[in-house]
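Peer 1: Take this structure first; my questions come after.
The values are calculated or read from the model by the stated rules, or taken from the named source; none is laboratory data. Owing to the predicted nature of the structure, the values given are computational and were not obtained by experimental measurement. Glycine gets a Cβ as well: all are built from the backbone with ideal geometry, and neighbour counts include every protein chain shown. Remember, those area values only see protein heavy atoms, side chains included, never the ligands or the DNA or RNA. Shrake-Rupley method; radii C 1.70, N 1.55, O 1.52, S 1.80 Å.
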There are 2 protein chains.
Amino acid sequence: MVQKHQVVVIGGGFGGLETARRLRRVDVAVTLVDRRNFHLFQPLLYQVATGGLSPANIASPLRSILRRQKNCQILMGEVIGFHARQKQVVLRDKVLSYDTLVLAAGAGPSYFGNDGWKTYAPPLKTIEDATSIRGRIYTSFELAENETDPERRKELLTFVVIGGGPTGVELAGALADISHHTLVHDFRHINPKEARIILVEAGGAILSTYPSKLTQSAARKVQELGIEIRMHTMVTGIEKDRIELKTPSGVEHIATHTVMWAAGVKPNPLSQALASEIGIDCHKSGRIPVNSQLNIEGHPDLFVIGDIAHCEDHDGKPLPGVAPVAIQQGRYVARTIQVRLRGDLEPEPFRYQNRGSMATIGRKAAVAEIGKFTFSGFFAWLLWLLIHLMQIVQFQNRLLVFFQWSYSYFTYNRSARLITQPSSERAQDLPADSKES
Amino acid sequence: MVQKHQVVVIGGGFGGLETARRLRRVDVAVTLVDRRNFHLFQPLLYQVATGGLSPANIASPLRSILRRQKNCQILMGEVIGFHARQKQVVLRDKVLSYDTLVLAAGAGPSYFGNDGWKTYAPPLKTIEDATSIRGRIYTSFELAENETDPERRKELLTFVVIGGGPTGVELAGALADISHHTLVHDFRHINPKEARIILVEAGGAILSTYPSKLTQSAARKVQELGIEIRMHTMVTGIEKDRIELKTPSGVEHIATHTVMWAAGVKPNPLSQALASEIGIDCHKSGRIPVNSQLNIEGHPDLFVIGDIAHCEDHDGKPLPGVAPVAIQQGRYVARTIQVRLRGDLEPEPFRYQNRGSMATIGRKAAVAEIGKFTFSGFFAWLLWLLIHLMQIVQFQNRLLVFFQWSYSYFTYNRSARLITQPSSERAQDLPADSKES
């Protein structure tokens, strides 16, 4: 018996999962490796971070998604390196051989060299990040309710979101909803509406990858929600209860208990590991450069896709790190593997079909760019809702999320606002559970 | 202006929450103190521990439940002691004065003096316990899938539940469902049906508080699910991957990666703190003895209810630590406070109305005792479902839980089976996330 062609896919995000699924009718043996047992629908992570959805609403077990795909096995484990010459992936406790490797390990937060900031300005990339931010946000309101010193209370009710991309804007918008609607009857000593929400952006516009018409409309909507935008502003320091900003008019300090980081990403360190193993340089972004077949040049057995790949569009611009790019790349890679195994001609070079992009701003507005059309306002929000619901992988999640959203929308409620898993770093704030649970 | 009568309620569980809510039309100022920001519907915690429901499905924010009750404020904080003479409750960072105190702080797990066992046999009392057990269960299957040594694989697929009360039986039943249905197509190298589930009970019957007819029927159902029951068996040692049992026929060792503790409870340590402050002795169970008005004898300003109170029925038997007792006691206390403030006659002594009790066994059976009637089997299961849904506090949760259950029931799916928050103790098993998240 001839052993089947072994495809090892690293990462169960949008790109890796799509690759594995598209290989279901191809005569190969697929091994999907992920550190987690679930696929995460990252675009809605901010909803978990603000208590609108539960983690399980946006995370589907990989085994459940792929249970019927008999040519695919899932391996929960951590990749720590590669032996490219032997065509092997090194896991912590075993070694996997491949004929074709698809690296889709994604990206994590980047603090631009200031990793110490992470303690006070957590990122939003994992379920644990989201439940931790959720705990911080609602704990700040709880502490403010108990606080008698007006200065300290103000500090507790000041929320700073760093980064004016989609995640930052969506987080800030959801925070505005929380303070203006969700919590409005909940407290006796504070008025949640007095919460101050500041969105810090280094450049000259929020959602800067969108056309300038939408950018301006987004900025207006954000300000209507009472959010302060600081453009052209760099973060120069983050410590407990205080951040330092460099603004066009000088240095500013803001006293704040809650800072959230949505400013930068960097690829998974496996990019460096693979690049040095095969003797190439990463792009200055840290991503691995790929050719128009999504291979590392000269290595037709090595595909790199999604946020960890540096892939240039036909006009030489790098593709953005968004789900649709990764999904289209995954599909392309699966087809290329199939075509090459058959011995057919090489497929056309990969071309990203930009079907548009969108971001929400609170509970009633969004901006959307679809082909030549741009939308903003409530219609864009409905469109955003529809498209995101359609994309969520599993049937159950789609209905559950729809149900929860409808309910939350009409009642302004956020039922998942639990303060859980107090970690050691929060112990000084909240004695709660530190001893018993 | 005369200050209102101050009622301080400690604990937002079934008893404390009911007390606070029943005081809504009484001319008092209520302060509800809890370490958590939510009320937990504990009877369904085993569903979270097995991935059937999300934490937010069974936890409602206290502020959300009580938002419209203007005479009630909520204080998230930890009580550390009492000054009974000054009528004060001492929190970690402030002191609260009361005219009437209602202690409803509940109970936690008891390891009968072997607290070291907790590391390897976690309890099931909090949301964090439940998500941690969920992670352990599904991680064991993941590790077994990757394991080549048959002995170690067997160890990974052996699950031991200690304690044959309702929690233990429900956990074991859900584990049987997981291994026989939920995961049946999910793995390529193991057969989840080979999982061995052992239920350890020190006494001679499971669900021993039920009538013997039900007890026998429950034991049959449990065995039909393939669960091994060890009666008259004491745990004498728990260490990593191994437990030691003292059975009627001698000492037995079982190699197992996953042990769950559902064997004993003990009251919150505040029982001891209050008892010694006012110079009384706790009952040998650690609970505070109360009289038929639910007061500590001689202290009409001190009520103790729920799992932390030792309250004897009219025939001298202590009331069990279950939700209906706490709820009825909370209602009684609220009425007693109102009656005394009005200066009316004392109310009748508290009498617990036992409306029945029930426990589920897997996804098709339950045992129920209602008045003189006993049920078992599918009808009892439906009844159990109905009653639990009706009891869940908030409208949204009820529908969401119903929806999720219906879906899970017909598809055998458990969509919330996420392995999250890997804590330090699990790091040796799963390198996953230990570095990056």
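Peer 1: Taking each residue of B:176-183 in turn, how many C-beta atoms of other protein chains fall within 10 Å of its C-beta, and what is the average?
Peer 2: So the per-residue partner count for this stretch is 1.
Peer 1: Please find the FRET efficiency linking B:His189 to B:Leu345, where r is the Cβ-Cβ separation and R0 is fixed at 51 Å, and quote it to the nearest 0.05.
Peer 2: 0.10
Peer 1: Rank A:Ile278, A:Ile392, A:Ile197 by mean-square fluctuation in a GNM of chain A with C-alpha springs under 10 angstrom and give only the top-ranked residue.
Peer 2: The residue with the greatest mean-square fluctuation here is A:Ile278.
Peer 1: Report, to the nearest 10°, how far helix A:166-177 tilts away from the longest principal axis of the Cα atoms in chain A, using its own Cα long axis and a range of 0 to 90°.
Peer 2: Taking Cα atoms only, the helix is inclined about 30 degrees.
Peer 1: Find the sum over both chains of the accessible area lost when A and B are paired, probe 1.4 Å, and report it in Å² to the nearest 100.
Peer 2: The contact between B and A buries close to 6400 Å².
Peer 1: Within the range A:282-311, which residues have the backbone N less than 16 Å from the label spot 7 Å out from A:Tyr352 along Cα→beta-carbon, could you tell me?
Peer 2: Residues A:283-295, A:304-311 qualify, since their backbone N sits under 16 Å from the label point.
Peer 1: Specify which residue in the list B:His232, B:Thr258, B:Val79 is farthest towards the positive end of the charge dipole of chain B, using unit charges on the beta carbon of Lys, Arg (+1) and Asp, Glu (-1), about the Cα centre.
Peer 2: B:Val79
Peer 1: Rank these by accessible area, largest first, 1.4 Å probe: B:Ile190, A:Ile370.
Peer 2: A:Ile370, B:Ile190
Peer 1: Sticking with this one: Given the -39500 (n - 2.57) contribution per DSSP H run of 4+ residues, what per-residue ellipticity at 222 nm results for chain B, rounded to the nearest 500 deg cm²/dmol?
Peer 2: -9000 deg cm²/dmol
Peer 1: List the trypsin sites (Lys or Arg not before Pro) in the range A:18-59 that DSSP assigns to loop (not H, G, I, E or B) and whose Cβ has at most 14 other Cβ atoms within 10 Å. Which are they?
Peer 2: Here the sparse-neighbourhood loop sites are A:Arg25.
Peer 1: Here is a further query. Give me the accessible area per residue for the protein assembly as shown, probe 1.4 Å, as a whole number in Å².
Peer 2: Here the per-residue accessible area is 41 Å².
Peer 1: Tell me the angle of helix A:378-391 to the major Cα principal axis of chain A, expressed in degrees between 0 and 90 and rounded to the nearest ten.
Peer 2: It is inclined by approximately 40 degrees.
Peer 1: Would you mind computing, in nm to one decimal, how far apart the modelled labels at B:Ala255 and B:Phe402 are, each placed 7 Å from Cα along Cα→Cβ?
Peer 2: 4.9 nm
Peer 1: What does the highest-first list of A:75-82, B:161-168 look like by mean Cβ count within 10 Å?
Peer 2: Highest mean packing first, the order is B:161-168, A:75-82.
Peer 1: Please report, as a whole percent, how much of the solvent-accessible surface of the range B:236-283 comes from carbon and sulfur atoms (probe radius 1.4 Å).
Peer 2: Summing carbon and sulfur atoms, their accessible area is 48 percent of the total for the range B:236-283.
Peer 1: Computed FRET efficiency, Cβ-Cβ of B:Val2 and B:Ala273, R0 35 Å: what is it to the nearest 0.05?
Peer 2: Once the sixth-power term is evaluated, E becomes 0.65.
Peer 1: Something else: Cα gyration tensor of the range B:192-297, axes a ≥ b ≥ c as square roots of the eigenvalues: rounded (a/c below 1.5), prolate (a/b > b/c) or oblate?
Peer 2: Because a/c hits 1.5 or more and a/b exceeds b/c, the range B:192-297 counts as prolate.
Peer 1: If the cut-off is a Cα-Cα distance under 17 Å, which lysines reach A:Lys154, setting aside same-chain residues fewer than 8 apart in sequence?
Peer 2: In chain and number order, the partners are A:Lys193, A:Lys240.
Peer 1: Rg and Dmax of the protein assembly as shown over Cα atoms: what are they, in angstrom?
Peer 2: So, for the protein assembly as shown, Rg and Dmax equal 28.6, 95 Å respectively.
Peer 1: Give the aspartates and glutamates whose C-alpha is closer than 13 Å to that of B:Lys364, dropping any in the same chain fewer than 8 places away, or say none.
Peer 2: B:Glu170, B:Asp177, B:Glu224
Peer 1: How much accessible surface area, in Å² rounded to 10, belongs to the heavy atoms of A:His83 with a 1.4 Å probe?
Peer 2: Per-residue accessible area (A:His83): approximately 70 Å².
Peer 1: Let me ask you something else. Where a ≥ b ≥ c are the square roots of the eigenvalues of the C-alpha gyration tensor, would you call the range A:84-166 rounded, which needs a/c under 1.5, or, failing that, prolate if a/b is larger than b/c, or oblate?
Peer 2: Prolate is the answer for the range A:84-166, as a/c is 1.5 or above and a/b outweighs b/c.
Peer 1: How tilted is helix A:323-342 with respect to the longest principal axis of chain A? Cα atoms for both, answer in degrees (0 to 90, nearest 10).
Peer 2: Between helix and principal axis, roughly 10 degrees.
Peer 1: Ignoring ligands, DNA and RNA, what percent of the 1.4 Å accessible area of the range A:187-228 is carbon and sulfur?
Peer 2: Answer for the range A:187-228 is 44 percent, counting heavy atoms of protein chains only.
Peer 1: Right, next: Cα to Cα, under 17 Å, and not fewer than 8 places away if on the same chain: which lysines meet these conditions relative to B:Lys266?
Peer 2: Once the sequence-local lysines are set aside, what remains near B:Lys266 is A:Lys435, B:Lys118, B:Lys125, B:Lys284.
Peer 1: Among rounded, prolate and oblate, which fits the range B:1-136 when a ≥ b ≥ c are the square roots of the eigenvalues of its C-alpha gyration tensor, a/c under 1.5 means rounded, and a/b larger than b/c means prolate?
Peer 2: Oblate.
Peer 1: Still on this structure: With a 1.4 Å probe on protein heavy atoms only, tell me which residues of the range B:30-61 lose at least 50 Å² of accessible surface in the complex relative to the chain by itself.
Peer 2: Residues shielded by partner chains are B:Arg35, B:Arg36, B:Asn37, B:Ala56, B:Pro61.
Peer 1: So, with a 1.4 angstrom probe, what is the percent of accessible area on the range B:1-62 that is carbon and sulfur?
Peer 2: 47 percent
Peer 1: With contacts defined as alpha carbon pairs under 8 Å and 6 or more residues apart, what's the relative contact order of chain B in percent?
Peer 2: Rounded, it is 19 percent for chain B.
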